[in-house]
Amino acid sequence: MTGGWHEGDPAGRRRWVSLRQPLELESGDLLPDVRIAYETWGLPNASKSNAVLVLHALTGDSHVAGPGEPGWWDGLIGPGKALDTNHYFVVVPNVLGGCQGSTGPSSIAADGKAWGSRFPALTVRDQVAAEALFADELGIPSWAAVLGGSMGGMRAIEWAVTHPTRVSTLLLLACPAAASAEQIAWTAPQLAAIRNDPEWLGGDYHARSSGPATGLGIARQIAHVTYRSEPEMATRFGRTVQDDGRFAVESYLDYLAAKLVRRFDAGSYVVLTQAMNSHDVGRGRGGVPAALSRVRARTVVAGIDSDRLYPLSQQIELAQGIPGAGEVRVVNSPHGHDAFLIETGQVSAFVKELLG
């Protein structure tokens, strides 16, 4: 019924922080009993001034690097790497609303049942509010760096605008200051696929033996097309037809759908996608330029030349609006939006520039 982490599953390298009070959301609702799952690499110094916050994308999680299972940014984080864990204390939380240990729709509420449809709508600002309280619990007054790409970049810029004195340096990768109409439009068929799955049941499927796997898989297929570039698809698959008569690219999308269903929760996919749609760093702050002018962190902004989901124009807006950010850096890659995860050599250079 869900591929997320469940109470009683192996914890792996996860640890947890429970917030001491209910989280007040932008909507005015209160979310009680919030727990944030996280993993760390390296050791904090006495003042914890070497702490670095790394923020994951939509279907990411806290496992950014080994040891053990490979992480989603293994090439970037570890001893001797760009984010050198011999020097830095790297902290990676699972986002609020997620399904890999942090409180989300599949989590058990106080009545012993999954939150399901009762889980409140979140904004990126709500998620950062939870992360700020999480940092307080860890005793980290400010971050030596905050790094994020895609949805993680949305949270990173929100961190730097909401808490300018708590972010010393900032790396923004393949993300916007505000979600665009086209980006919101791309999510509409993904959300519809999940909500129109007969197993969705309004979001209250967690106590059953099956869930909206078909809808979640279709959502992943739609999303993945936006994550990669047309030239890469053409080179990799072309019009190749398999022995079963299906195009090779169709089989590839089926594989990706099944893979996500095994490790993710449809309710979290809906909550997190809606949060991304809510992203507007200028909301209630006089607009995007006024909000970006509040950033005090030394900032590197990078985009991807083949990204058709979060185009370079959005990173240019960030770089031009953040004081001292300079020119946008460009990842040259055929891989589209996913290049921020794939091109670790180029991203490592930006991290070294930021921390140098």
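Per-structure values
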| read-out | value |
| --- | --- |
| From 40, 59, 103, 85, residue being more than 14 Å from the chain's Cα centre (by Cα) and either under 20 Å from residue 276 (Cα atoms) or among the basic types (Lys, Arg) (or both) | 103 |
| Residue 34 vs. criteria closer than 30 Å to residue 111 by Cβ and surrounded by fewer than 24 Cβ atoms within 10 Å (Cβ to Cβ) | yes |
| Residues of region 169-207 that turn out to be at positive phi and in contact with a Lys or Arg (Cβ under 9 Å, 6 or more places away or on another chain), as a count | 3 |
| From 208, 220, 239, residue being among the basic types (Lys, Arg) and assigned to a helix (DSSP H, G or I) | 220 |
| Whichever residue in region 227-259 is in contact with a Pro (Cβ under 8 Å, 6 or more places away or on another chain) and of a type outside the set (Val, Ile, Thr) and, among such residues, is most open to solvent (accessible area, probe 1.4 Å) | 231 |
| Contacts under 7 angstrom Cβ, first residue in region 99-123 being within 14 Å of residue 5 (Cβ to Cβ), partner open to solvent by 20 Å² or more (accessible area, probe 1.4 Å) and of a type in the set (Val, Ile, Thr), 6 or more apart | 99/2; 106/2; 114/108 |
| Index of the failed condition, residue 340 passing every other in (1) open to solvent by 30 Å² or more (accessible area, probe 1.4 Å); (2) touching a Leu at 6+ places or on another chain (Cβ under 6 Å) | (1) |
| Restricting region 260-278 to residues that are within 14 Å of residue 115 (Cα to Cα) and among the aliphatic types (A, V, I, L, M), the residue that is surrounded by the most Cβ atoms within 10 Å (Cβ to Cβ) | 266 |
| Residues that are without any contact (Cβ under 8 Å) to a residue 60 or more places away in the chain and assigned to a loop (DSSP other than H, G, I, E, B), drawn from region 22-33 | 22, 28 |
| Region 182-205, residues that are of a type in the set (A, V, I, L, M, F, W, C) and either within 18 Å of residue 58 (Cα to Cα) or part of a strand (DSSP E or B) (or both) | 184, 185, 186, 188, 191, 192, 193, 194 |
| Single residue of region 34-62 satisfying the filter (touching a Ser or Thr at 6+ places or on another chain (Cβ under 7 Å) and assigned to a strand (DSSP E or B)) that is farthest from residue 338 (Cα to Cα) | 35 |
| Residue that is surrounded by the fewest Cβ atoms within 10 Å (Cβ to Cβ) [pool: residues in region 99-125 that are outside any loop (DSSP other than H, G, I, E, B) and out of contact with any strand residue (DSSP E or B) (no Cβ under 7 Å at 6 or more places or on another chain)] | 118 |
| Residue check, residue 180 crowded, with 24+ Cβ neighbours inside 10 Å and either among the hydrophobic types (A, V, I, L, M, F, W, C) or touching a residue at least 12 places away in the same chain (Cβ under 8 Å) (or both) | no |
| All positions within region 24-37 that are small (Gly, Ala, Ser) and under 18 Å from the mean Cα position of the chain (by Cα) | 37 |
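The values are calculated or read from the model by the stated rules, or taken from the named source; none is laboratory data. Given the structure is predicted, the values throughout are model-derived calculations rather than measurements. Backbone-built Cβ (ideal geometry, glycine too); neighbour counts: all protein chains shown. All accessible areas refer to the heavy atoms of the entire protein, side chains included, with ligands and DNA or RNA removed. Shrake-Rupley method; radii C 1.70, N 1.55, O 1.52, S 1.80 Å.
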